[in-house]
Amino acid sequence: MLSACGEAEKENLITSVNFEEQSFAPFVEPSFPYISTSFDGRDLGAGFPEDNISGRVLAIKLGNDAYACFDTDMLRWSVAWTGDFMPMVTMAQVSYADFHNKGNQIPKIGGDPKLATGAYPGWSIGQLSAKDPRKASPHPDSPAWGAIPAEIGRYEGIYPVEDKVILSYTVGNTLVYELPGSLLHEGLKVFVRRFAMAASDKKTFLMAAEITDISNVELADNQVLVYHGDKVTAMGLANGSEGVTLSVEDNRYLVVEVAAHATTVDFELLLWNGEASEKNKFAGVLTNELSTLPDFEKGSKPYWEEEVLTKGQISPDTAAFVTDRLTLPVPNPWKRNVRMVDVSFLSDSEAAMVTFEGDVWKIAGINKELDRLVWTRVASGLYEPQSIEVVNGEIYVYGKDGITRLHDLNGDGVADFYENFSNMMAQSIETREWASDMVADPKGGFYVAKFGALDMGPEASSPKALMGFRSASNDDGSILKVSADGRSISQFATGFRGPYLGIHPEKGWLTGSDQQGHYMPSTPIMLIRKGDYFGVPATAHRKPIPETTPPITWIPHGADRSGVGQIWVNSDKMGPLNDQMLHLSYGRPGLFLVKVDSSSSIVQGGASVIPGIYPAPTMKGTVNPEDGLVYFAGFSLWGHNSEALSAFLRLRYTGKESLLPVDYKVRDGGILLRFGQELDQATASDLANYQVKRWNYLRTEKYGSGHYQLNGEVGEENMPVLAAHLSADKKAVFLVVPNIAIVMQMEVAFDLKTVSGTSWSDKVWMTVNAVNEANLQAEGFENLNPAELIENFDPTLLAGKEEGQADAIKGKEIFLKYGCIACHAIDDNVAGKIGPSVKGLYGAKREFKDGTTATADDAYIKESIVDPGAKVVKGREGEMPSFLGLLSDQDIESVILYFKTLK
């Protein structure tokens, strides 16, 4: 019998992945007919409309080096062109093989434009219209974004069929199938739009093209010739097309009028743009018979048939919680990069996963041993998705293109119909207006999260709003509720910078986190309720702006500088984590246990780190209904403290002794810490084993916030611990602390020992939104009266702490402790770093975004630490938070000494 290792070799199971050693094929796959993206066509040239910009398009390969962008919001061909396909410049595309490249741009075409339309619907009902019917942008200088009203038209989805696609949409209530394509005729590249239009009791109008400099028009029975400059654009119908009339309206618009009809109408529109000397060749195309639509409604041949086999890595049971690694399918037959971001379970042993590059995979064979994982590809072409949900066996994916529901029509395991479940959430072309998250509401429908349009990346179309934000769509920085049928949507909560979500799968409690930055002083974990506003005025989307809803808890920058999703553990297999909420950190990376103080009069709580090995950023996850364990994934793009590009992990409870605090809360008179193990009496009672401090943040237009005492002075306030009492069951400690008050951040550090002799150190971070009375008797503390100790407390007895001398070694420790190395290299390897290298920094000339320069001396470096937004280095985004009040002058001096050693 073969060993497990031998079995893996026999089947060529992949057992580990090194992304750096892989060579990936281009982002655009030759065998797949389209990608989803956005498009800027405002500078196509003379004769083309200038108001041509699309937040969502299908960039379709038509054959013969011809292409078209179909705007799914407006049901129009934004542009058709020949030559090269679109350059791959979106964030997912530029970082696809160059993993840490964040120099994304706004997508434009790569060849010669031939046809285009402007910012109005591709179809009109009853009478022709070239007006944009969508809700105006919040800013008068910004275009409107989002889908047109459904009564005018609605994108229904796309059927990929070999090297072609069938577009499905409605015009009013009339279903339309469109087959885009091209043909070659005597050297002419002709664009083809084949339609099958269901019965309609009203005449309809199709905008085929807009030309702004028409000099002459020639009309014939089945063709139109439009002259402009030294070019001619021809529009005609294939032989057999019926019920259709061609015209030019307002000496500008090439229009197809479809008469009212009682049965399905089939017609084929032929379009060409070229030299006037070749116009006679076009007439020969019109003898072509109406083409036949491919058979698509029952499914088509799968694009990907191979399986990829991997073998997971099981961690030894060395702690209460360990992380097993489900090896990703790299390499694979298509040389595809696999940057996993989210997972949802289809069945007991099979999951669906989505990648940032827009692919959906299934993984089967998930068992205890992870000894044979079977990966298959399901779908592709989605636009920078970050969420996947399985509801009633159906796969839903959320990205910038909206929520897509995948249909396998013929049971071959590959999606045949990419249904537009909902694209009602407005999406601008701004690169940082991420479609960041989606969770399924157990009562039906979904909640989706959208980033604010952060003032980062390439300038597009939106003017600046407040500091750090651009004025983009009406839905940016919002949580939206999508109905169970996808046909209606409403704003649920607003005022976010960059939200991610979690939801209790049974009770429907919605939670979230946000990204530290402008108006967001640190990482919050929030309970989100209808109508809540979370503090970012640029994304309030209402007037007057309401009072800010406080979070459950803040987490300081040093512990989690980039929060992502949450997982509610509805399981009985995770020991102390059963029925608890977990928070995932991108930057740390890792998981936090979040405790909600349910007995408080106002929602509040705290967080503590779940120790473990996390080789890549942890972003999204769920509980496997079969084994009850927690599965999560993530990928690298911004700064973080891990090595791998992407990973798929399983958090497993081993049954060993857990040292996690199982409860922590602040009460009038002190702080309660409760554990799952009995504590050593002497250690638990020793006041030297506790350090308590607190501080507030300031919510301003600056990036992040420094630390401030309750009286407004800069810095943190160290709180005296007057006594430490062990509970009757020896599993809880009450720390008597005077002057408990409402505060944004409280940190409690402790060094403890169990009765069995296990020693450990840990911290918890809490937020005090309300000071509640302690019920110490119910908690197991008989005859404890903190008020007596506090009343007799003399604060003058507290001795000041000597800091000692500044030195470079301490500076290095600070640099590593606060995660600075995740964003700033200390050598020449700056890959993946969002900030400049600090090697050779001291004494160097710095050039800033405003054109000024300075020498990196002591004063400059100190200013960069306490007020990093004051001078932003040219080519950088200014995403560093302030360490004002967090680092002392001596700490900063130590960091400067360390920088001086990095020559």
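Using 7 Å Cα-to-Cβ label points, what is the Lys108/Ser247 separation (nm, one decimal)?
Label-label distance for Lys108 and Ser247, simple model: 3.6 nm.
Report the gain in length on full extension from Asn775 to Lys900: 0.36 nm times residue separation, minus Cα-Cα distance, nm rounded to one decimal.
39.6 nm is the gain from fully extending Asn775 to Lys900.
Rank Gly715, Ser200, Val743 by how far each Cα sits towards the positive end of the charge dipole of the chain (+1 on Lys, Arg Cβ; -1 on Asp, Glu Cβ) and give me just the farthest.
Toward the positive end, the furthest listed residue is Gly715.
Taking a ≥ b ≥ c as the square roots of the eigenvalues of the Cα gyration tensor of the stretch 1-160, is the shape rounded (a/c under 1.5), prolate (a/b larger than b/c) or oblate?
Prolate shape, in that a/c is at least 1.5 and a/b is the bigger ratio.
Any chance you could run the full-extension gain for Ala199 through Lys298? It's 0.36 nm times the residue separation minus the Cα-Cα distance, nm to one decimal.
Roughly 33.5 nm would be gained on extension.
Relative to 2.2 N^0.38 Å, what does the C-alpha radius of gyration of the chain come to as a ratio? Two decimals please.
1.04
Select from Gly804, Met340, Ala415 the residue farthest towards the positive end of the dipole of the chain; place +1 on Cβ of Lys and Arg, -1 on Cβ of Asp and Glu, and compute about the Cα centre.
Farthest towards the positive end: Gly804.
Between Leu290 and Gln709, how many nm apart are label points set 7 Å from Cα along the C-beta direction?
8.4
Compute the distance in nm between two label points, each set 7 Å from the Cα along the Cα-to-Cβ direction, one at Leu219 and one at Ser16.
Taking the simple label geometry, Leu219 and Ser16 are separated by 7.4 nm.
Let me see the P(r) profile for the stretch 34-285: every Cα-Cα distance counted, bins of 5 Å, each bin given as a percent of all pairs.
1, 6, 14, 18, 21, 18, 12, 6, 3, 1, 0, 0
What FRET efficiency do you get for Trp760 and Val374 if R0 is 35 Å and r is their Cβ-Cβ distance, rounded to the nearest 0.05?
Once rounded, the FRET efficiency stands at 0.30.
Find the all-direction average of the projected area of the Cα convex hull for the stretch 667-820, expressing the result in square nanometres with one decimal place.
Average of the hull's projected areas for the stretch 667-820 equals 11.6 nm².
Can you work out the FRET efficiency for the pair Ala150 and Ser601, with r the C-beta to C-beta distance and R0 = 45 Å, to the nearest 0.05?
0.50
Could you give each residue of the stretch 37-52 its phi-based ³J(HN,Hα) in whole Hz, using Karplus coefficients 6.51, -1.76, 1.60 with θ = phi - 60°, and x for Gly or Pro?
Listing the rounded values in order: 7, 10, 7, 10, x, 7, 10, 5, x, 4, x, 9, x, 8, 9, 10 Hz.
FRET efficiency for Glu305 and Ala46, Cβ-Cβ distance as r, R0 = 56 Å, nearest 0.05?
That pair, Glu305 with Ala46, gives E of 0.70.
Quick one: of Lys595/Lys656; Lys400/Lys874; Lys102/Lys543; Lys810/Lys900, which pairs are farther than 24 Å apart, Cα to Cα?
Where the Cα-Cα span goes over 24 Å, the pairs concerned are Lys400/Lys874; Lys102/Lys543.
When the chain is fully extended, how far beyond the present Cα-Cα distance does Thr318 get from Ala283, taking 0.36 nm per residue of separation?
Additional length available on full extension: 4.9 nm.
Report, to the nearest 10°, how far helix 889-901 tilts away from the longest principal axis of the Cα atoms in the chain, using its own Cα long axis and a range of 0 to 90°.
The answer is roughly 60 degrees.
Could you work out the relative contact order of the chain, using alpha carbon pairs under 8 angstrom and six or more residues apart, expressed as a whole percent?
Result for the chain is 8 percent.
No lab work stands behind these numbers, since they all come straight from the coordinates. Quick caveat, the model's predicted, so the values are computed rather than measured. Because the Cβ atoms are built from the backbone with ideal geometry, glycine has one as well, and the counts that use them run over all protein chains shown.
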